[in-house]
Amino acid sequence: MNALKLDPEKCTGCMRCELACSYMQTDLFQPSKAVIRVSALEGHTSYAPYTCVQCAEGWCMTACPVDAITISPVGAKVVIEDQCVGCKLCTIACPYGTMHFDVERHKAAKCNLCGGDPQCASACPTQAITFVDTPSQDWLGAFASGRSDYPLSGKAKSTH
């Protein structure tokens, strides 16, 4: 199964991923409609992209009272727009804060992996976002916690 791998160490904050995502989702270059976001850290000296990690737990799916979130053939948890009643329970249930709510449509929105060809990864010039063949996992947890087992933290111990 393929999953998005997000590497904050490589992110330059160019926001191309947000533009590509918004265009793919809405046919408009409107980053506020993107379901991937780039956070500025440390006074805009570093950046971190974040979006749905397609977690195995699927809290958004569990919280949805009308079963409007399902798993697509590419393994993405997707919102079935016709079924979504706009209750926002999925946005509350998501521990990563990556479920969004489109106020114009009154529907939940989230990363759907662009049907298996994520445009955020294609648009990223530094490969801070890649689409890799691996089980879904929390790529940012170790980075965010400052754990030494994060491979690019500068603290990882060499195995060579």
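The values are calculated or read from the model by the stated rules, or taken from the named source; none is laboratory data. No experiment lies behind these values; they were computed from the predicted model shown. Every residue, glycine as well, gets a Cβ built from its backbone with ideal geometry; the counts of neighbours run over all protein chains shown.
Overview of results
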| read-out | value |
| --- | --- |
| Per-region count, segment 31-79, residues within 14 Å of Asn112 (Cα to Cα) and polar (S, T, N, Q) | 4 |
| Thr70 vs. criteria in contact with a His (Cβ under 8 Å, 6 or more places away or on another chain), at pLDDT 95 or above and either in the same structural domain as Lys5 (by TED's automatic domain parsing) or not in a loop (DSSP other than H, G, I, E, B) (or both) | no |
| Output for segment 118-141, where each listed residue is part of a loop (DSSP other than H, G, I, E, B) and at pLDDT 95 or above | Pro118, Cys124, Pro125, Thr126, Gln127, Ala128 |
| Among (1) in the same structural domain as Pro95 (by TED's automatic domain parsing); (2) out of contact with any Lys or Arg (no Cβ under 9 Å at 6 or more places or on another chain), the one test that Cys60 misses | (2) |
| Enumeration of residues in segment 18-71 that are among the β-branched types (Val, Ile, Thr) and free of Cβ contacts under 8 Å to residues at least 24 places away in the same chain | Thr26, Thr45, Val66, Thr70, Ile71 |
| In segment 21-53, residue modelled with the lowest pLDDT [restricted to those that are out of contact with any strand residue (DSSP E or B) (no Cβ under 6 Å at 6 or more places or on another chain) and polar (S, T, N, Q)] | Thr45 |
| Residues (assigned to a helix (DSSP H, G or I) and modelled with pLDDT under 95) located in segment 89-115 | Gly115 |
| Check on Cys84, modelled with pLDDT of 95 or more, part of a loop (DSSP other than H, G, I, E, B), buried (at least 18 other Cβ atoms within 10 Å of the Cβ) and not assigned by TED's automatic domain parsing to the domain that holds Thr12 | yes |
| Residues (hydrophobic (A, V, I, L, M, F, W, C) and more than 19 Å from Ile92 (Cβ to Cβ)) located in segment 34-75 | Ala34, Ile36, Val38, Ala40, Leu41, Ala48, Ala56, Ile71, Val74 |
| Residues satisfying the stated conditions in segment 1-56, i.e. among the aromatic types (Phe, Trp, Tyr) and assigned to a strand (DSSP E or B) | Tyr47, Tyr50 |
